[in-house]
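Notes follow once the structure below has been shown.
The values are calculated or read from the model by the stated rules, or taken from the named source; none is laboratory data. Keep in mind that this is a model prediction, so the values were computed, not measured. Cβ sites come from the backbone with ideal geometry, for glycine too, and all protein chains shown count toward neighbours.
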Amino acid sequence: MGASGKLGRYMIGHCLERGHEVVGVCRAQSVGKLDDVADRVTIVPGDTDDPDVIARAVVGCDGVLTVLVPWGVKGYATGTAQAVLDHAAPGARLVFSCGWHITRDGRDVYSWKLRAFVAVFGWLARVARFADLRDQVEACRRIFASDTRWTVVRGSDLEEGPGVGLPVWSRHVGDPVLASNRTRRTDFARFMVHALEDDALVREAPAIVGCDTPSALAHGGSGSGAG
Ligand SMILES: NC(=O)c1ccc[n+]([C@@H]2O[C@H](COP(=O)([O-])OP(=O)(O)OC[C@H]3O[C@@H](n4cnc5c(N)ncnc54)[C@H](OP(=O)(O)O)[C@@H]3O)[C@@H](O)[C@H]2O)c1
């Protein structure tokens, strides 16, 4: 869901590499962004918060990867999450993306920089009506409350560039392993796809960081680990 965005396109690449059969949903005006993979992916054009679109797209899917974005002020993220929760097959793995600003249990510890960004960007975006961070918060509240086999992957600041490997994760922002706050976008996508087959991540909200960053090397070891 959200296949034509930057994260979505990386996820398609990782899925195809692993031999998964892929159905991608993206807004009708964005279908052209998937031209290069159109012969290998089934594309369902439509808004990801449209329950009919989602219901059609998830038929027969063992897993659903969903990009949650706060764009617009009409509850797009919440509608997207709800449609996936309602229509995915019982027992399917549901993996959602968001940022560190989402907290599951209120035990994350945020830097003043992140708190200031969320406050200022959140307010400006809402006033200008181009995004509403509260929409992503509500979407995740519903996911956390659901009894589906969900994972909410919380991305750090992102950068482009070649992948360096599976990010390291921790349960709480503020844990030393996450201090570098930097992940390659393709590795974020790699983690989303990895989560489909890692049962240790069911009903977890891992906050991730690049495995080659100083904080990961100093505190994380390799692969993933929970703090
Ligand atoms: N950017 C960061 O630094 C950062 C940091 C941490 C976490 N994250 C998380 O990473 C995920 C992907 O973020 P990204 O920044 O890399 O973006 P992205 O992958 O490019 O995804 C943006 C998505 O939003 C859709 N979109 C754009 N405008 C929209 C609108 N007005 N209404 C509805 N959908 C719209 C795009 O669809 P079209 O292709 O149709 O335009 C695309 O699917 C998100 O879950 C985000 O919370 C991002």
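Being within 13 Å of the ligand (Cβ to nearest atom) and either surrounded by 21 or more Cβ atoms within 10 Å (Cβ to Cβ) or outside any strand (DSSP E or B) (or both) holds for only one residue in 94, 65, 16, and it is 65.
Only residues that are touching a residue at least 40 places away in the same chain (Cβ under 8 Å) and either part of a helix (DSSP H, G or I) or surrounded by fewer than 17 Cβ atoms within 10 Å (Cβ to Cβ) (or both) were counted in region 135-159, giving 9. Residues in region 72-108 that are β-branched (Val, Ile, Thr) and at pLDDT 95 or above: 78, 80, 84, 95, 102, 103.
Determine, yes or no, whether residue 31 is crowded, with 17+ Cβ neighbours inside 10 Å and not in a loop (DSSP other than H, G, I, E, B).
yes
Considering region 1-10, the residues that are within 17 Å of residue 77 (Cβ to Cβ) and assigned to a helix (DSSP H, G or I) include one that is farthest from the ligand (Cβ to nearest atom), namely 8. Summed over region 51-62, residues that are touching a residue at least 24 places away in the same chain (Cβ under 8 Å) and assigned to a helix (DSSP H, G or I) total 5.
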